[in-house]
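The block underneath contains the structure these notes are about, expressed in structure tokens.
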Amino acid sequence: MKPIMINSTAEFLAVAQKHGLRLNAENIELNASGVDFLVAFASDEDGISWVLRAPRRPDVIERAASENRVLNLVRKHLPVAVPEWRVNTEELIAYPRLAGTPAATVNPVAKK
């Protein structure tokens, strides 16, 4: 079965619910700056902030599996927070958002 390619907040909400995440529809925010993944940020019913990543193309799914293996390996060896993927499927990666400020962000308007 071909995975759903997510393109909207409504699709993010539906796929997240399918995987047991009950997100608040009012506060979901898309970040379309990524080439490989469409990203959304949202909070669930308990107030936990989540990062949601949806592959834009089927070829990024295999690399994502490698990324998850690396995260699982380094988590116990690093003194910094490392994402713990709670959902890891061909259509959605989801994990609680890490505390703090991101090391880098991309401004899609300025393209830097």
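Looking only at residues in region 22-43 that are assigned to a loop (DSSP other than H, G, I, E, B) and in contact with a Lys or Arg (Cβ under 8 Å, 6 or more places away or on another chain), the one that is modelled with the highest pLDDT is ASP36.
Looking at the structure I just gave you, is ASN7 under 17 Å from PRO58 (Cα atoms) and either touching a Pro at 6+ places or on another chain (Cβ under 9 Å) or modelled with pLDDT under 90 (or both)? Against the criterion (under 17 Å from PRO58 (Cα atoms) and either touching a Pro at 6+ places or on another chain (Cβ under 9 Å) or modelled with pLDDT under 90 (or both)), ASN7 qualifies. Number of residues in region 51-96 that are assigned to a strand (DSSP E or B) and basic (Lys, Arg) equals 1.
The values are calculated or read from the model by the stated rules, or taken from the named source; none is laboratory data. What you see is a predicted model; the values in this text were computed from it and never measured. No Cβ is skipped: glycine too gets one built from the backbone with ideal geometry, and neighbour counts run over all protein chains shown.
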